[in-house]
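The values are calculated or read from the model by the stated rules, or taken from the named source; none is laboratory data. Since we're looking at a predicted model, the values are computed, not measured. Every residue, glycine among them, receives a Cβ derived from its backbone with ideal geometry; neighbour counts consider all protein chains shown. Accessible surface areas use protein heavy atoms only, side chains included; no ligands, DNA or RNA. Shrake-Rupley method; radii C 1.70, N 1.55, O 1.52, S 1.80 Å.
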Amino acid sequence: VSVQPSLTKVVASTSNTTGSGQGNGAIVDATIGELVTYTVTVRIPEGVLSGVRLQDILPRGADGVLKAVSGTLVSVGSNIVGPLSGMAATITDGDADGILDTLSWNLGGVTNTVDNVNDAKDLLTFSVTAVVLDNAKNAAGDLLTNTARLTSNDPLGGAPVVQTATAQIELVEPD
């Protein structure tokens, strides 16, 4: 049996105080020009993983668009050997529409020292900041889904393991 990494994603903050009062109250609201910061957390299982890659794919296409501003590996648990805190994402235009919408970290081999405890020492934490564009594809009421995708080699030699996690914002008119 192979233990795989786990992945979570949340909206950590926004630059305006729009809140979540309009539309669906359970989803963070955002307006045109607002910065949205997401936190992606990866729990690395004890042992060695190879071929580790994290991609953050911002909303794009007809359902609305966000543009990448920055992406950083902000913390590395003390049991983790491999990637270094402060590592910046490579930011690209994933769908060739002229908007930078894909952030990538190629982490390669990652080792989590065995201590038989699941805690903060086993975590990689990433921060992704994007801006809501003034674009005809963005309209009030749109739900924009941001997807994080973690890929790693299967330690047992099978197909690469791919996991995803999402977080949504809802576009609203400013107060």
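Details
- Contacts under 9 angstrom Cβ, first residue in segment 133-155 being closer than 15 Å to residue 105 by Cα, partner among the aromatic types (Phe, Trp, Tyr), 6 or more apart: 148/38; 148/126
- Residue 116 fulfils the conditions (1) open to solvent by 70 Å² or more (accessible area, probe 1.4 Å); (2) modelled with pLDDT of 95 or more except for a single criterion, (2).
- Top-ranked residue in segment 1-11 [being more than 18 Å from residue 121 (Cα to Cα) and surrounded by fewer than 16 Cβ atoms within 10 Å (Cβ to Cβ); ranked as modelled with the highest pLDDT]: 10
- Residues located in segment 134-167, provided they are more than 24 Å from residue 112 (Cβ to Cβ), buried (at least 16 other Cβ atoms within 10 Å of the Cβ) and in contact with a Leu (Cβ under 8 Å, 6 or more places away or on another chain): 138, 142, 144, 146
- Per-region count, segment 38-73, residues open to solvent by 30 Å² or more (accessible area, probe 1.4 Å), among the hydroxyl-bearing types (Ser, Thr, Tyr) and modelled with pLDDT of 95 or more: 4
- Subset of segment 83-105 that is within 15 Å of residue 148 (Cβ to Cβ) and in contact (Cβ under 8 Å) with a residue 40 or more places away in the chain - its residue that is surrounded by the fewest Cβ atoms within 10 Å (Cβ to Cβ): 104
- Condition met for residue 56 (without any contact (Cβ under 8 Å) to a residue 24 or more places away in the chain, closer than 28 Å to residue 145 by Cβ and in contact with a strand residue (DSSP E or B) (Cβ under 9 Å, 6 or more places away or on another chain)): no
- With respect to the stated conditions, residue 78 is exposed (fewer than 15 other Cβ atoms within 10 Å of the Cβ), at pLDDT 95 or above and out of contact with any strand residue (DSSP E or B) (no Cβ under 6 Å at 6 or more places or on another chain).
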